[in-house]
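Single-structure report; data block below.
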Amino acid sequence: MKILVPVKRVVDFNVRIRVKPDGLGVDLANVKMSMNPFDEIALEEAVRLIEAGTASEVVAVTIGPAVAQDVLRTALAMGATRAILVATEVAPEPLAVARILARLARDQGADLVLLGKQAIDDDANQTGQMLAALLDWPQATFASEVSIDGDTVRVVREVDGGTQTLELTLPAVVSADLRLNQPRFVSLPNILKARSKPLDQTDPGALGVEMTPRLKVLRTEEPPARKAGIIVASVDELIDRLRAQALL
Ligand code: AMP
C-alpha cells in the first residue's frame, strides 16, 4: 500500500502572530516556520503503517516555495520513504492544492491520501474534502483512529460530543485530527539518514494546474486586546463584583 502525505509549511504554532501593517496578511519576516501540526500527525500515522508492515511506501509532498524543502526533510527524518516538492512562489489556495494532490495521487498510484484536517495558517479545512471530490474517492475527515484490513480502512471520527466509526474501501482520503497519535521526536541519526533519501522537484505547470488566485484577502484583524484585570481585596468583594456584573 502506498500512502501520500501532504505536509504544509506554516508559521510555527508557538509563534505569536503579527498582522502586517497593510492588514492584508500576517508578517512572515524572521518568523519560525514548521510542519503544520495536523500533517505531522498524519505523517506519524503513515509511518506507523510502514512499521506495522501494512504500508510499503510513504510519499511526503509539499506545495510551496523552495525553502519548504525543510518540512520535507523533517518528513523524511520522521520516516517518509521519499518526498516531492511542488515548487511555486504563489501562495496556493485549497482548490489548487487539491488539484495538484489529485494529479500526484493518480500519477504515484497512491492507495491512501492521509492529510491534516486543517492547515493552521489559513484554517481553511477544505483541501481533503475537495481532493476526495476530484478523485471521486471515499473520505473520512477528523480521524482519531485508523485501522486497515486488506482494502478496507476503518476510521473513528471525532464528531460533536462523541465519535463515529466509518468503513471505507481503498483508495480513500483520510484527514487526521489531534487525538490520532502523538508524533515522534526526530532523532539526529534520522535527520542525517534523511539527507540521502530521494527528494524530487516539480511545479504546478508540469502537473497541469493553474495557480491564479481566485480569492482576494480584503482584511486581516487581530482579536481585540484583552482588558486589564483588577485585584480585589477580599472574597466578599469578588462575589459583590461578580453579582453586580451578572445583573448588568
Ligand atoms: P486546508 O484545507 O488548507 O486547511 O489544509 C488541509 C490539509 O491539506 C493540510 O493539513 C495539509 O495536509 C494539506 N495542504 C494544504 N495546503 C498544502 C500545501 N501547500 N502543501 C501540502 N499540503 C497542503
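The values are calculated or read from the model by the stated rules, or taken from the named source; none is laboratory data. Note that the structure is a prediction, hence the values are computed from the model and not measured. Please note: Cβ atoms are built from the backbone with ideal geometry, for glycine as well, and neighbour counts cover all protein chains shown. Note: areas computed on protein heavy atoms with side chains; ligands, DNA, RNA excluded. Shrake-Rupley method; radii C 1.70, N 1.55, O 1.52, S 1.80 Å.
Size descriptors for region 2-247, from the alpha-carbon set: Rg then Dmax equal 21.1, 71 Å. Kindly express, to the nearest 10 degrees and within the range 0 to 90, the angle between helix 37-51's C-alpha long axis and the longest C-alpha principal axis of the chain. Helix 37-51 sits roughly 40 degrees off the main axis of the chain.
With Kirkwood's inverse mean 1/r over C-alpha pairs for Rh, give me the Rg to Rh ratio of region 153-225, two decimals please.
1.09
Taking Ala110, Ala80, Ala66 in turn, the Gaussian network model of the chain (Cα-Cα springs below 10 Å) assigns the largest fluctuation to Ala66.
Between Leu188 and Leu166, what length in nm is gained on full extension when 0.36 nm per residue of separation is reduced by their alpha carbon distance? Mind showing how you got there, number by number?
Values: separation 22, 0.36 × 22 = 7.92 nm, distance 3.80 nm.
Stretched fully, the Leu188-Leu166 segment lengthens by 4.1 nm.
Would you mind telling me the share, in percent, of accessible area of the chain contributed by carbon and sulfur at probe 1.4 angstrom? Display every interim value, and only then the final one.
Numbers: 7470 of 14250 Å².
Reported share for carbon and sulfur atoms: 52 percent.
Among Leu114, Leu131, Leu215, the residue with the largest mean-square fluctuation in a Gaussian network model of the chain, with springs joining Cα atoms closer than 10 Å, is Leu215.
Between the C-alpha center of region 1-25 and that of region 91-137 there is a gap of 16 Å.
Which value at 222 nm does the chain reach when only helices count, each DSSP H run of 4 or more adding -39,500 (n - 2.57), with the total divided by all residues and rounded to the nearest 500 deg cm²/dmol?
Details: 6 runs with 69 residues, N = 248.
Using -39500 (n - 2.57) per qualifying helix, the result is -8500 deg cm²/dmol.
Summary: within the chain, the longest segment free of trypsin sites (Lys or Arg not before Pro) located in DSSP loops with at most 16 other C-beta atoms within 10 Å is 33-183. How many lysine pairs does the chain hold where the Cα atoms are under 30 Å apart and the two sit 8 or more places apart or on different chains? So the count of such lysine pairs works out to 21. Calculate log10 I(q)/I(0) of region 1-110 for q = 0.10, 0.17 Å⁻¹, where I(q) comes from the Debye formula with a single equal point scatterer on each Cα and nothing for solvent. One equal scatterer on each Cα of region 1-110 leads to -0.31, -0.82. Based on the Cβ-Cβ distance from Val159 to Ala52, what FRET efficiency comes out when R0 is 25 Å, to the nearest 0.05? With a Förster radius of 25 Å, E is 0.40.
All C-alpha pair distances within region 103-147, sorted into 10 Å bins from zero, spread as 23, 54, 23 percent across the bins. Only Cα sites of region 78-204 enter the Debye sum here, all with the same form factor; the resulting log10 I(q)/I(0) across q = 0.15 1/Å is -0.84, listed in q order.
Note on the chain: GNM, Cα springs under 10 Å; of Pro37, Pro223, Pro204, the largest mean-square fluctuation is that of Pro223.
Along each principal axis, taking the top coordinate minus the bottom one, the Cα set of region 122-164 gives 31, 29, 13 Å in descending order.
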